[in-house]
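To start, the structure under review is shown below, and the notes come after it.
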Amino acid sequence: MTTIERAVEPARTSIRSARAIERRRLLLWLLPPMAWFTVFMLIPYAMLLYTSLGHVDDMRFIPGLSLDNFVRVFTVDPYLGVIIKSARIGLMTAVLSSVVAYPLAFYLAFHVRTQRLKFLIYLLVIVPWWASYLVKAYAWKTILGSGGILNVGLQELGFVHEPVRLFLYNEFSVVMTLTYIFTPFAVLSIYAQLERVPTSLIEAARNLGADGWMIFRRIILPISVPGIVAGAIITFSLAFGDFVAPVLVGGPDSVMISNVVINLLGVAFDWPLAAAIGLVIITLGLLLISASGWLEEKTQTRF
Amino acid sequence: MRAFGNRTLVTALAMSVLAFLYAPILVMMVFSFNDSQYTGLPFNGFTLRWYGELFSDNQMLMSIWNSIFVGIGVVAISVLFGLPAAIALDRYEFPGKGLFRRIVMLPIVLPGIITGVALLSFYLTIHLRLSLYTIMLGQGTALMCITITEVFARLQQLGKSQAEAAANLGANDWEIFRQVTLPGIRSALFGAMLIAFSISFDEIAVTFLLTGRENTLPMTLWSLLRREVTPEVNAVATLVVFLSIILIVAGMYSSRGHANEREA
């Protein structure tokens, strides 16, 4: 060993032991959540896989190694169709929530002058969250129904002579109710993004002669994309998996995928098929997360 | 000047969105005082009867307590396991980090029913009897990512310099956590706890399959709404809204107090 190497050696050892300490610290933080997710997610998912490969005979589960249930999800009516319909309803909800949420988020981020008012409006956005989802959905029934407030109002004003039945028990009322329920999520997500826009950016644009519309179109809208995407992913996912709105305000054909799964478990007692649907959706969910991460990264602006 | 665009137009649009958000809540509140068996027009007159029935309805009161109990458990789980996960994700690089992040996020994009099915088949296999605790474990798993993402975002904002400075000054791990990390993330953690509690309190999808004999409030309301609807459901929801406003305002003021202390 040369003199230099001998001089460096203690430092090397201390780096090595520092690494060992770091690794121990990492495990200290990482092990509890990892154990949790293993027990309450990975093991249950593995059991779904096990169940999905078997079949049910005379109300009894027979283990197996067959992909039949997955084939059924994609070929037998109505499973794939219902998944696609749920995704369509989710997508409409996501788009509508973003459109409805944007003006409020915009107002909150740019036009509220005092902190006190900002706090108040922020509070007004999150309070509807606390009113029970079920009761809110039911309230829409009271508003949209044939003896409901909207119809009575329209008749009083003389716009229509008979109650309009198109408002309730169809896909429109399902999408409307879901949009209503999940809009606060979109508001918060878009607002968080808009809040990051530096005031100096707007002032600079104005000094360069841009009018309000141009500032919005060329600066604010591109910057808001990640917030819109994040909000849309949440609202899409929540709407996709919903089973309450179809039951309360939906019509006979507005069954969504969660309703189908509940029926498979309770009525048809076909756990293997329900498990297969679950795994297909878990795969789609992982794809969605990857896609959203990529999309948010791509569209994020650094200040 | 931060404001741009037509102020009147923007304000009018924002106010109509707020009106949309509050229309059904107003309906719910008004009909909770309506002297009629049915939720709907006409308005027959003011009564407190439904609140009276609510307070003598033991099943309903019990389910409110159950929901609070489950909510507290869910918050405890998501802090105990979510906070370490956020710290690990912020501080360290480790193999499988990308996968870990995706798995953690998965329950928020999955339909609650799917999380429920997976957990139910797990519970049945290990012969775990369904109870409030099984609901708690399910919701805790589903809602943990809220704490993880909120705290992680705050940790990334804070950066590492303060913790490193504390380490150079001789602070040990526990001291760094207690006196540097925790004060830095306090308001984010508090916000995440509030969100987790409020979602848990109103959670239906995960809870639906994992409920045993004791019901949470949404489950009780669900069974009521599917059979005969009495304005009692409006009364209960109105009551919860008012209690929550008090809770949120108190919470926000106290967490703002902390934020001011830090800035000072």
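From the list A:197, A:160, which one is among the aliphatic types (A, V, I, L, M) and more than 10 Å from chain B (Cβ to nearest Cβ)?
A:160
Keeping to region B:192-209, report how many residues are among the aliphatic types (A, V, I, L, M), crowded, with 24+ Cβ neighbours inside 10 Å and either more than 9 Å from every other protein chain (Cβ to nearest Cβ) or closer than 14 Å to residue B:68 by Cα (or both).
3
Going by the conditions given, is residue A:86 over 22 Å from residue A:269 (Cβ atoms) and either touching a residue at least 60 places away in the same chain (Cβ under 8 Å) or within 14 Å of another protein chain (Cβ to nearest Cβ) (or both)?
Details: over 22 Å from residue A:269 (Cβ atoms): yes; either touching a residue at least 60 places away in the same chain (Cβ under 8 Å) or within 14 Å of another protein chain (Cβ to nearest Cβ) (or both): yes.
Against the criterion (over 22 Å from residue A:269 (Cβ atoms) and either touching a residue at least 60 places away in the same chain (Cβ under 8 Å) or within 14 Å of another protein chain (Cβ to nearest Cβ) (or both)), residue A:86 qualifies.
If you take the residues of region B:109-131 that are more than 22 Å from residue A:243 (Cβ to Cβ) and more than 11 Å from chain A (Cβ to nearest Cβ), which of them is nearest to the chain's Cα centre (by Cα)? Before you say what the answer is, go through the steps one by one.
Step one: of region B:109-131, the residues more than 22 Å from residue A:243 (Cβ to Cβ) are B:125-129, B:131.
Filter once more, so that each one left must be more than 11 Å from chain A (Cβ to nearest Cβ): B:127-129, B:131.
On the way: B:127: 29, B:128: 26, B:129: 25, B:131: 20 Å.
Result: B:131.
Enumerate the helices (runs of 4 or more DSSP H) found wholly within region A:192-267, keeping only those where 3 or more residues are buried (at least 17 other Cβ atoms within 10 Å of the Cβ). Explain how you work it out, then say what you get.
Values: elements: A:199-207, A:212-215, A:221-240, A:244-248, A:257-266.
By residue number, A:221-240, A:244-248, A:257-266.
Within region B:83-101, track down each residue that is part of a helix (DSSP H, G or I) and either more than 7 Å from chain A (Cβ to nearest Cβ) or at pLDDT below 90 (or both).
B:83, B:86, B:89, B:90, B:91, B:97, B:98, B:99, B:100, B:101
Take residue A:71 and tell me if it is in contact (Cβ under 8 Å) with a residue 40 or more places away in the chain, more than 8 Å from every other protein chain (Cβ to nearest Cβ) and of a type outside the set (Ser, Thr, Tyr).
no
Kindly establish whether residue B:104 is in contact (Cβ under 8 Å) with a residue 24 or more places away in the chain and farther than 14 Å from residue B:139 by Cβ.
Criteria met by residue B:104.
Looking only at region B:132-172, which residues are among the polar types (S, T, N, Q) and crowded, with 16+ Cβ neighbours inside 10 Å?
Across region B:132-172, the qualifying residues are B:134, B:139, B:141, B:147, B:149.
Name the single residue that is surrounded by the most Cβ atoms within 10 Å (Cβ to Cβ) among those in region B:78-108 being over 21 Å from the mean Cα position of the chain (by Cα) and farther than 14 Å from residue A:37 by Cβ.
My answer is B:87.
Considering (1) at pLDDT 85 or above; (2) within 8 Å of another protein chain (Cβ to nearest Cβ), say which one residue A:174 fails and leave the rest.
Status for residue A:174: all satisfied but (2).
Only one of (1) facing chain B (nearest Cβ under 8 Å); (2) under 19 Å from the mean Cα position of the chain (by Cα) is not met by residue A:103, so which one is it?
Of everything listed in (1) facing chain B (nearest Cβ under 8 Å); (2) under 19 Å from the mean Cα position of the chain (by Cα), residue A:103 misses just condition (2).
Being over 30 Å from residue A:143 (Cβ atoms), in a helix (DSSP H, G or I) and more than 10 Å from chain B (Cβ to nearest Cβ) is the requirement here; does residue A:286 meet it? Spell out the reasoning first.
Numbers: over 30 Å from residue A:143 (Cβ atoms): yes; in a helix (DSSP H, G or I): yes; more than 10 Å from chain B (Cβ to nearest Cβ): no.
So residue A:286 does not fit the description; no.
Specify the residue that is modelled with the highest pLDDT; the eligible residues are those in region B:217-241 that are within 11 Å of chain A (Cβ to nearest Cβ) and in a loop (DSSP other than H, G, I, E, B).
Step one: of region B:217-241, the residues within 11 Å of chain A (Cβ to nearest Cβ) are B:217-226, B:229, B:231-241.
Narrowing the set further to residues that are in a loop (DSSP other than H, G, I, E, B) leaves B:229, B:231.
Numbers: B:229: 72, B:231: 82.
Among those residues, the one meeting the criterion is B:231.
Determine, yes or no, whether residue A:232 is modelled with pLDDT under 90 and assigned by TED's automatic domain parsing to the domain that holds residue A:279.
Against the criterion (modelled with pLDDT under 90 and assigned by TED's automatic domain parsing to the domain that holds residue A:279), residue A:232 does not qualify.
Report yes if residue A:125 is closer than 28 Å to residue B:9 by Cα, surrounded by 21 or more Cβ atoms within 10 Å (Cβ to Cβ) and over 16 Å from the mean Cα position of the chain (by Cα), otherwise no. Quick ask: steps written out before the conclusion?
Details: closer than 28 Å to residue B:9 by Cα: yes; surrounded by 21 or more Cβ atoms within 10 Å (Cβ to Cβ): yes; over 16 Å from the mean Cα position of the chain (by Cα): yes.
Spelling it out, residue A:125 is indeed closer than 28 Å to residue B:9 by Cα, surrounded by 21 or more Cβ atoms within 10 Å (Cβ to Cβ) and over 16 Å from the mean Cα position of the chain (by Cα).
The values are calculated or read from the model by the stated rules, or taken from the named source; none is laboratory data. All values derive from a computational prediction rather than experimental measurement. Cβ sites come from the backbone with ideal geometry, for glycine too, and all protein chains shown count toward neighbours.
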